[in-house]
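Q: Sharing a structure with you now.
The values are calculated or read from the model by the stated rules, or taken from the named source; none is laboratory data. Bear in mind the structure is a predicted one, so any value in this text is a computation, not a measurement. Cβ coordinates were reconstructed from backbone atoms using ideal geometry, including for glycine residues, and neighbour counts include every protein chain displayed. With ligands, DNA and RNA removed, areas are computed over all heavy atoms of the protein, side chains included. Shrake-Rupley method; radii C 1.70, N 1.55, O 1.52, S 1.80 Å.
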Amino acid sequence: MSSSSKQPVKPPVVQPGTGNNIIVNPCQRLNPVLNHVRNVGKEFGDIVPDFQVGRTTAVLFLSLKYHRLHPEYIHTRIEKLGHSYNLRILLIMCDVSEHQEPIRELTKMCLINNITIIVAWTPEEAGTYLSTYKQFEHRPPDLIKERVDKDYLSLLRTALTSISKVNKTDVETLRTSIGSFADIARTPSAQLQTLPGFGQVKVRRMKDAFDKPFRNSATSIVPYTTSQPRPSKGKEKDKTGEREPSVLWGDDIDVSEFTTPAPEPISASKAGNAQPRQVSEGEVPRKRPPSPVWDIELDLNDSDLEDPDIRAPEAKRRKEDTDTNDDEASTGTL
């Protein structure tokens, strides 16, 4: 027996036709989804996508289990597909437990490349999607549109039933009891509650639909922006020129209870009246050591530190001692 006879016979690959068959890429011949494609024919063809379900519709098939092992595969397939078809579909087989993050990333990729994404949970569901796309290839979109008759009663029923809690029976009651749509919208709530089947909740929803503006509370504060600040009450008081008395700080409250007394600054008069220590003959006057840092900066307020006289107390004391000695010398000379 030759080696060629042992190889499995591959299905013939034909060029895509224009019939009622789904064109299948030869790389998908072992896909179990093909066993669930019913009511339409299948044939293998030399195509770029995995399935061609219409003249302008292509389907790429991706298993999340395979995508987890080969994440670059789908990007290569999309690049080869390009813009060859008007409707491009990515049919995902969800066969893993942790599927949220892969589906989220694939959705972003499909949005960027203008691809429709469909998630199937079983091979039967995936085969149904392929069969439906082929069966509805030449059907108009009117089949999935809501059919609304053009007569007045049908339009009135469609408009009023769009309000929550209002059904077709209520529409017939309104039509026979009140009349036209304009009369229903102008009817007060008290009169609507007298009708059978109309309570407070249903009447309130109807009046909200008729009278409530379309702009919600989030868009109703547009004028108050950063460029147009909201006027404060303080500006209104400035216009009148009057200021209301403070409520907290009255005359009967001692302010000293809430404040810490500041240290008394040394005035020039006290410094001048200070009696210098008598120096005996032959004694060398000893200089006063400079004050430590904590005595100058930590015990003073911020406002006191700005005063240049307090910033340099040692220089001020030296100057005062010099002036005092000069006064005594002049007095002794006189």
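Q: Compute the accessible area per residue over region 152-211, keeping the other protein chains in place, probe 1.4 Å, unit Å².
A: Heavy-atom accessible area per residue stands at 58 Å².
Q: Follow-up question, since we're still on this one. Just to be sure I understand the curve: with the Debye formula and one point per C-alpha of region 152-211, what is log10 I(q)/I(0) at q = 0.20, 0.24 Å⁻¹?
A: These q points yield log10 I(q)/I(0) values of -0.66, -1.01.
Q: Could you tell me what percent of the accessible area of region 152-211 is made up of carbon and sulfur, with a 1.4 Å probe and every protein chain present?
A: Answer for region 152-211: carbon and sulfur cover 51 percent of the accessible area.
Q: Give the peptides 153-163, 179-189 in descending order of average Cβ contacts within 10 Å, highest first. Let's see the in-between values first.
A: On the way: 153-163: 14.5, 179-189: 12.9.
Result, highest mean first: 153-163, 179-189.
Q: Next question. Go ahead and run the numbers for FRET between residue 83 and residue 146, Cβ-Cβ distance against an R0 of 35 Å, rounding to 0.05.
A: Numbers: r = 32 Å, r/R0 = 0.92.
Efficiency, from the Cβ-Cβ distance: 0.60.
Q: Let me ask you something else. How big is region 21-136 by the Kirkwood estimate over distinct Cα pairs, in Å?
A: About 14.3 Å for region 21-136.
Q: Also: I'd like the Karplus ³J(HN,Hα) series for region 125-142: coefficients 6.51, -1.76, 1.60, θ = phi - 60°, whole numbers in Hz, and an x wherever there's a Gly or Pro.
A: 5, 5, x, 5, 4, 5, 5, 5, 4, 6, 5, 9, 5, 9, 7, x, x, 5
Q: How much of the accessible area of region 21-136, probe 1.4 Å, is carbon plus sulfur, in whole percent? List each step's numbers first, then the result.
A: Values: 3310 of 6200 Å².
C and S atoms contribute 53 percent here.
Q: Summing +1 for each Lys or Arg and -1 for each Asp or Glu, what net charge is found among the other residues whose Cβ lies under 11 Å from the Cβ of residue 197? Please list the in-between numbers first.
A: Details: positive: 165, 202; negative: 170, 172.
Charge balance in the 11 Å sphere: 0.
Q: Over 28 Å between Cα atoms, which of 65/108; 145/168; 80/108; 65/145; 80/134; 168/212 qualify?
A: Details: 65/108 19 Å; 145/168 20 Å; 80/108 19 Å; 65/145 37 Å; 80/134 23 Å; 168/212 23 Å.
Result: 65/145 exceed 28 Å.
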